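Below is one structure, written out as structure tokens; comments come after it.
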Amino acid sequence: MPNAVSVAPSIVLCTLNAKYIHASLGLRYLLANMGELKPQTVLREFTIARQPQELVDELLLTLGEPPVGVVQIIGFGVYIWNVTQTCDVIRLLKAVRPDIKVVLGGPEVSHEVDEQDIVRLADHVITGWGDVSFPKLCRALLHGPQPLMKILTGEQPPLEQIALPYAEYTDADLAHRLLYVEASRGCPFKCEFCLSSLDKTAWAFDLDRFLEEMQGLYQRGARNFKFVDRTFNLKIDASIRILQFFLDRLSSDLFVHFEVVPDQLPDRLKVMIAKFPPGVLQFEVGIQSFNVEVQQRISRKQDNERTAANVRWLVAESNAHLHTDLIFGLPGETLESFAAGFDRLHDLGPHEIQLGILKRLRGTPIARHTAAYGMLYASTPPYTVQQTGAVDAATMQRFTRFSRYWDMVANSGRFKQTLAVLLAAAPSPFYAFLGFADWLWQSSGKTSGLSPEALVDALFDYLSTDGGLPPATVQQTLLSDYLTSGARASPRALKGLLPKQVAPQSPAAKTLAQRQERHLAAQQTVD
């Protein structure tokens with residue numbers, strides 16, 4: 001249920017999430033810090049799939065008719081994934097109610113503001129931190145003196161002066177949505193593709209205060225925590241305390257996600273990680289590139305040998321589920337050097353390799369390489385690189401298809417045994433899968449809408465023809481994967497082989513599968 005207000009609302013906090021499962025941490029920070037304005041402030045979240053006119057209608061219904069002399073304000077959280085839809089909403093809103101004060105905030109409108117249509121439509125924009133700056137602006141708009149500037153630089157207060165947002169998660173949020181939490185803000189590293197490279201350092205919230213808030217969430221029933229800290233294991237003492245907090249509260253449905261620095265895993269942190277049972281910990285491990293020259297070019301400091309050793313340890317000695325990240329299209333990175341990095345990472349055995357394509361986020365220093373390395377980016381969100389001096393447009397499109405098929409076949413977890421057979425078809429796992437991706441595109445012409453059954457048939461056709469493997473062998477491998485996945489339909493390739501009644505998954509297996517599906521559904525770019 002929406003948060004209740006004791007008086008008619010005059011302020012609406014709004015954003016468009018990529019999916020319902022996401023719950024905006026930023027808006028809840030704003031709500032928690034509204035002070036005396038909180039009773040007249042409401043939070044409204046939508047998804048980008050909704051029609052803009054529907055959202056305008058709901059926002060106007062939320063505010064109602066403005067009382068005489070009362071200013072009404074809507075603050076929008078703007079991100080790379082929602083800026084286009086949010087701009088449409090504001091355009092429609094301003095056409096019928098130009099008197100409503102529209103305030104923008106968020107990473108997408110914190111840089112290059114003079115170039116954006118959405119900024120021209122708004123009354124005010126707060127760049128950077130908005131925790132205390134948005135309430136101050138609302139007070140000025142409601143009570144005066146009126147602000148003179150349209151673009152306002154957000155004030156960064158000491159963290160102890162910021163009210164924490166976790167009480168603003170509703171019971172419905174706890175039951176149905178992913179809870180974002182942060183023990184720190186900022187990042188000391190300078191990777192040029194990331195907005196966090198603009199931070200001077202990382203700032204940690206008081207750990208006792210933070211853990212007290214986590215205890216409050218846990219007591220209310222929260223079991224799904226996604227830490228948005230860029231560098232969870234930057235301060236090992238704090239990392240160990242946080243892990244111990246969750247270790248002391250283990251339950252069958254506990255799920256905790258962290259983003260970790262891959263080359264910083266001291267033994268005492270390993271000891272703590274190794275205590276967790278399967279299905280609880282998930283680590284996002286940003287590798288991005290193993291190419292030393294590319295790393296230096298983009299100001300990324302990473303010990304590749306230590307990184308590889310740590311990933312290997314996590315796979316072999318812990319129960320953490322590893323999502324490792326690579327970025328294609330970095331300046332100077334060729335298809336061949338990326339393939340070598342992919343193969344090196346695949347050899348380490350992470351559970352998932354998430355393949356991203358470089359985006360030129362507004363304000364990031366990666367733009368300095370545009371001319372020298374022939375970087376051509378899309379002019380519309382998410383500003384994905386279209387070609388580079390090292391990778392032509394056709395190869396970029398080819399890789400885009402590769403990454404989508406990789407998600408369907410490899411990261412889905414549905415084809416574990418078949419994937420091993422497929423990747424063994426060539427000395428290089430990357431080129432083995434690229435061959436399949438090229439074939440699948442040519443035979444289907446689709447990169448979406450492919451059902452698990454269609455993929456079973458495609459893998460059978462490819463492996464038993466281009467792969468030259470005995471059809472019966474391929475069928476048995478696919479059959480084993482298909483039954484393990486719990487699927488219940490009837491692929492053509494397995495006709496006559498499926499048992500009439502498939503034994504149900506064990507409760508433990510089903511829980512793990514559902515938990516993984518929930519995380520996959522929650523993937524969202526937050527830069």
Test for Lys275: is it among the basic types (Lys, Arg), under 24 Å from the mean Cα position of the chain (by Cα) and surrounded by fewer than 19 Cβ atoms within 10 Å (Cβ to Cβ):
no
Those residues of segment 292-319 which are over 21 Å from Pro188 (Cα atoms) and of a type in the set (A, V, I, L, M, F, W, C), in sequence order:
Ala308, Ala309, Val311, Trp313, Leu314, Val315, Ala316
Evaluate the following for Leu92: is it among the hydrophobic types (A, V, I, L, M, F, W, C), in contact (Cβ under 8 Å) with a residue 40 or more places away in the chain and part of a strand (DSSP E or B)?
no
Please count how many residues of segment 374-397 are surrounded by fewer than 17 Cβ atoms within 10 Å (Cβ to Cβ) and free of Cβ contacts under 8 Å to residues at least 60 places away in the same chain.
10
Every residue in segment 322-361 that is over 20 Å from Lys416 (Cα atoms), assigned to a strand (DSSP E or B) and β-branched (Val, Ile, Thr), please.
Ile327, Ile357
Please determine whether any residue of segment 305-321 is more than 29 Å from Val83 (Cβ to Cβ) and part of a strand (DSSP E or B).
yes
Could you go through segment 327-339 and let me know if any residue there is exposed (fewer than 15 other Cβ atoms within 10 Å of the Cβ), assigned by TED's automatic domain parsing to the domain that holds Val385 and under 24 Å from Asp392 (Cβ atoms).
yes
State all residues of segment 44-62 that are touching a Lys or Arg at 6+ places or on another chain (Cβ under 7 Å), under 24 Å from Pro107 (Cβ atoms) and touching a residue at least 40 places away in the same chain (Cβ under 8 Å); if no residue qualifies, say none.
Leu59
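The values are calculated or read from the model by the stated rules, or taken from the named source; none is laboratory data. Not measured: the values here are computed from a predicted model. Because the Cβ atoms are built from the backbone with ideal geometry, glycine has one as well, and the counts that use them run over all protein chains shown.
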